[in-house]
Amino acid sequence: MTPQTIVFALVSFFHDLFTAIWMGGLLVTVLAYLPAVKNALGAGPQVKKVMMEFQKRQSVWVYVSMAGLILTGLLMTNRSPQFESLFRFGNPYSVALSIKHILVIAMIGVSLYRVLGRSTMTPEKERLNMKLLLINAALAVLVLLTSGFTAALARPLGV
Ligand code: HEM
């Protein structure tokens, strides 16, 4: 195995690991963790306390994953012969990658707004925070969809 192959395997590994931490964390929170906490603790202040503690810990890993995904993503981007430059739409690969980047930027914006806005929690802000969590979970699914197309279009099939 060539050193390049090992390096690319490790870069892909970290790209997938950071994906599991951030995207997986978001989807598990919405699909299972939050409903379970609400079901177990009822609608009292306990839920808010548990979610604030969870978000405090998860936000550290989300920051690490944001930086890691951008770094490993840029390294992987250069590998494809289809790559033009960032935010170009000249071929199907560039279209998939650019749509993905726009979705990722939206996700980073929503995540930072949720984390930075958590200090002054009013009932309105709590409802907005929940809506933003659901929006980011939906964006996560779209990022994974565009990632599948990016990976598939990175190299023509059969090459
Ligand atoms: C929320 C952020 C991101 C997530 C969740 C994500 C997720 C993924 C996933 C799951 C794959 C498929 C990997 C595989 O085939 O094993 C992938 C591929 C890829 N990602 Fe990302 N990614 C993110 C951000 C980025 C960024 C910021 C870039 C570029 C700057 C990028 C560039 C790429 C490229 C080029 C591929 C295709 C690699 C190849 O197969 O040649 N990604 N991404």
Exercise. Identify, please: which residue in the stretch 56-67 is within 11 Å of Ile21 (Cα to Cα) and small (Gly, Ala, Ser) and is, among those, surrounded by the most Cβ atoms within 10 Å (Cβ to Cβ)?
Worked result: Ser65
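Listed here are the residues, each with its yes/no results for (1) surrounded by fewer than 14 Cβ atoms within 10 Å (Cβ to Cβ); (2) modelled with pLDDT under 95; (3) farther than 18 Å from Leu26 by Cβ; (4) touching a Pro at 6+ places or on another chain (Cβ under 6 Å).
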site	(1), (2), (3), (4)
Met76	no, yes, yes, no
Gly90	yes, yes, yes, no
Ala96	no, no, yes, no
Ser111	no, yes, no, no
Gly117	yes, yes, no, no
Thr120	yes, yes, yes, no
Problem set entry | Options Lys131, Lys100: the member that is surrounded by 14 or more Cβ atoms within 10 Å (Cβ to Cβ), assigned to a helix (DSSP H, G or I) and among the basic types (Lys, Arg) | Lys100
Problem set entry | Selection count, the stretch 48-85, where residues are within 21 Å of Ala140 (Cβ to Cβ) and without any contact (Cβ under 8 Å) to a residue 60 or more places away in the chain | 21
Seminar exercise, completed: The condition from (1) modelled with pLDDT of 95 or more; (2) open to solvent by less than 60 Å² (accessible area, probe 1.4 Å) that Leu31 misses is numbered (2)
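The values are calculated or read from the model by the stated rules, or taken from the named source; none is laboratory data. Because the structure is predicted, anything quoted here is derived from the model rather than measured. Virtual Cβ from ideal backbone geometry, glycine too; neighbours counted across all protein chains shown. Areas reflect the complete protein model, heavy atoms only, side chains present, ligands, DNA and RNA absent. Shrake-Rupley method; radii C 1.70, N 1.55, O 1.52, S 1.80 Å.
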